[in-house]
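Since every read-out is calculated from the coordinates, none of them should be taken as a lab result. For clarity, every value in this text was computed on a predicted model and none was experimentally measured. For neighbour counting, all protein chains shown are included, and Cβ atoms are generated from backbone atoms with ideal geometry for every residue, glycine included.
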Amino acid sequence: MSQTTNPQTDVPKYMQKQGNGLSQSWAAYRTKIKSGDMGSMPAVIGLVVLVALFSFLKPVFFTPLNFANFFTQAAVVVILAMGLIFVLLLGEIDLSAGVTSGVAGSLLAVSMAKWGYPWPVAIAVAMIAGIVIGLCIGLLVAKVGIPSFVVTLALFLAFQGLILIIIGEGGNVRVTDGVILAIENSNMPIWLGWVFYAVVVVGYFLFAFTGRARRLARGFAATSLSMIIIKTAITAAIGFAAVWALSLERSTNPELNPLSGVPIIVPIVALLTLIFGFVLDRTRFGRHVYAVGGNVEAARRAGISVSQIRIAVFTICSGTAAFAGIVFASRAASVDPNAGKFIVLNAIAAAVIGGTSLFGGRGRIHDALIGGAVVAVIDNGMGLLGYSAGVKLMITGAVLMLAAGADALSRKRSSGVMR
Amino acid sequence: MTETLQPILEVTGVTKSFGAVDVLQGIDFAVLPGSVTALVGDNGAGKSTLIKGLAGIQPFDGGTITFEGKEVELDDPKIAAALGIEVVYQDLALCDNLDIVQNMFLGRELVNGLALDEAHMESRAGETLQSLSVRTVSSLRQKVSSLSGGQRQTVAIARSVLWNNKVVILDEPTAALGVAQTEQVLNLVRRLADNGLGVVIISHNLQDVFQVADYIYVLYLGTMVTRLRTSETNSGEVVEYITGGRTETSEGV
């Protein structure tokens, strides 16, 4: 047979410049939903419904003060969930993430209060502790071969003891350092809040626009300009409302104790989202995380070092948990022996509610934001309605079960489409 | 041999045993560039063991391997990959949660600094599929989970072409496919050989073998019982060799 095949007069569909109007974007989205990958859509709908419900039942829910509280309340769970998403993407779990944050938080508090270290050293101690813990979990899972559920369950118990030992007599260590306290308790000046807003909106538009330009230059189908403009406009509108609300005076006693501005934790979480999003979506490492989560054998045959990816993922998770522990210590202004014990399930719930699959291979970093918001709204709203902690825990558990059930069903459905 | 072509990959006298069981008892096997070589034999004949040895996954115990005229040691999958020997496995090593481009470049992603160079990967993947006259997929950004068996096999085979491999070994490429899809995949296999690659196909389906292969090697209980030119044999004869009805180690070529 000859080397040259017949000259191709017609170009295959995948090499053609496809139309890329709004209708195509909509059609692509619908195919995605139909294939069982619902992403964050159910969580977004749930969030809107919950906010409307609580605002109706308890008008104080929809006030600037509560709105600002909501961000600081959600931050710890959101950050923890971001770390957990890396582990969940491999289909693994880290039940010790919460107590790891407790260990880091208590090390932070003790190294300042008892050992007299300045805050940068205390933060370094806490972060290094988290990273070392993550490395150990990763090695135990990847090299020794103990299931992550068992490793982290063992650590969940052991670290509760470790926290007791670190904190020592007295049962509670106060955090007094101004910088640490500022993380969860201070706000940006009003003008800086608006600068932050402008950076986010312009940055979002430029990112989408240059991405489109690069694809068009190669002759590929790209997101339509109108779609980019619509998305930017929605982001800008929501952001404007949020920054405006946070810029209002929200103190109950304005003369004595004025309170306004975007909480400092907001840009911190935004930056973290950006960094983790880049790592997962745009780097070789991130691609390999998805590959290992999707099909370990395929990843191994493609030359990916599966154990390295496992170790890295647990290290990222525990490191992030340590940071969540610092934020938690800032919010509570103290660390107690129960630090981090309960929040890990909230964080797993947040990731799963946001659309991350417990079976691995599916999930985005912003799932932590949306899912974390749902968990925080439930927590906050039910607290305002006067429900006890017991009822709140039960409702959060039910929501986690619901999200995990939806995850399992959508997985079943997509594999049904497949074969 | 009457061929003027040098084999691109040749093994002589390779052996492999697992404990007391001699799975390969001195096998000779050669792959010519630009042709399709079929490897047939009943279950347990040693086909998989031979393939795993060539892929460097399970090194042979004895014998010599020659690649492009030079003797090589194949004791690591990375060596096989570096030489340009690629195996497309029966259970298709693809990730369902990734799209076609992502799967084709898996483990060998192109980067631009720190970030993945998606546009470059997409255009190269498209060119490769086009060069193989693949027209069964509509978008390169489709998730593999949404593809049919034939489309998946196409992606897996195209991936092996993307990396300028010299020898592509296909393990049962048509086992789970319908009639039309089998036809597409066999055409693709033929095009690989037409592009100058040495192609090895393992199959139980003799109809497929006769349609696509230039040479047929028959393994029987760990020995290579014959080597036939497809044009000079028929399926009855091959079946006799496979089932042990004819056992002389003839040189059919």
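General remarks:
- Cα-based equivalent ellipsoid, region B:141-184: semi-axes from gyration tensor eigenvalues, Å: 19, 15, 7
- Counting only alpha carbon atoms, the long axis of helix A:284-294 and the longest principal axis of chain A meet at about 80°.
- For residues of A:290-297, the mean tally of beta carbons on other chains within 10 Å: 6
- With a Förster radius of 60 Å applied to the C-beta separation of A:A408 and A:L256, the computed FRET efficiency comes to 0.70.
- Dipole of region A:30-161, positive end: most advanced residue of A:V60, A:I128, A:V141 [Cβ charges, Cα centre]: A:V60
- Chymotrypsin sites (Phe, Trp or Tyr not before Pro) within region B:70-164: DSSP coil, no more than 16 neighbouring Cβ in 10 Å: B:W163
- Bridgeable lysines around B:K16 (alpha carbons under 19 Å apart, same-chain partners fewer than 8 residues away excluded): B:K47, B:K52.
- Region A:187-262 - Rg and Dmax from Cα coordinates, angstrom: 17.6, 62
- Kirkwood-type radius of region B:160-232, with distances r between different C-alpha atoms, in Å: 13.1 Å
- The relative contact order of chain A, computed from alpha carbon pairs under 8 Å that lie at least 6 residues apart in sequence, is 35 percent.
- Taken about its Cα centre, the protein assembly as shown carries a charge dipole of roughly 2120 debye when the Cβ of each Lys and Arg holds +1 and the Cβ of each Asp and Glu holds -1.
- Relative contact order %, region B:144-253, counting alpha carbon pairs below 8 Å whose residues are six or more apart: 20 percent
- Against the main long axis of the alpha-carbon atoms of chain A, helix A:367-384 sits at an angle near 40°.
- Loop-resident sites, region A:77-151, for chymotrypsin sites (Phe, Trp or Tyr not before Pro), counting at most 15 other Cβ within 10 Å (DSSP): A:W115
- Highest-first arrangement of A:400-411, B:32-43, where packing means the average Cβ count within 10 Å: B:32-43, A:400-411
- Rounded if a/c under 1.5, otherwise prolate or oblate - region A:136-220, Cα gyration tensor axes: oblate
- The long axis of helix A:119-139 is offset from the longest Cα principal axis of chain A by roughly 50 degrees.
- GluC sites (Glu not before Pro) restricted to region A:240-323 and DSSP loop, no more than 13 other C-beta within 10 Å: A:E249, A:E255
- Proportion of all alpha-carbon pairs of region B:112-242 beyond 25 Å (%): 34 percent
- Projecting the Cα positions of A:N380, A:A298, A:G397 onto the charge dipole of region A:298-419 (unit charges on Cβ atoms of Lys, Arg, Asp and Glu, taken about the Cα centre) puts A:A298 furthest along the positive direction.
- Antiparallel content of DSSP bridges confined to the protein assembly as shown, in %, to 5: 60 percent
- A Cβ-based charge dipole, computed about the Cα centre of region B:122-253 with Lys and Arg at +1 and Asp and Glu at -1, lands at about 660 debye.
- q = 0.07, 0.12 Å⁻¹, the protein assembly as shown: log10 I(q)/I(0) [Debye, one scatterer per Cα]: -0.58, -1.24
- The share of Cα pairs per 10 Å bin across chain B, counted from zero up to the longest distance, runs 7, 31, 35, 20, 6, 1, 0 percent.
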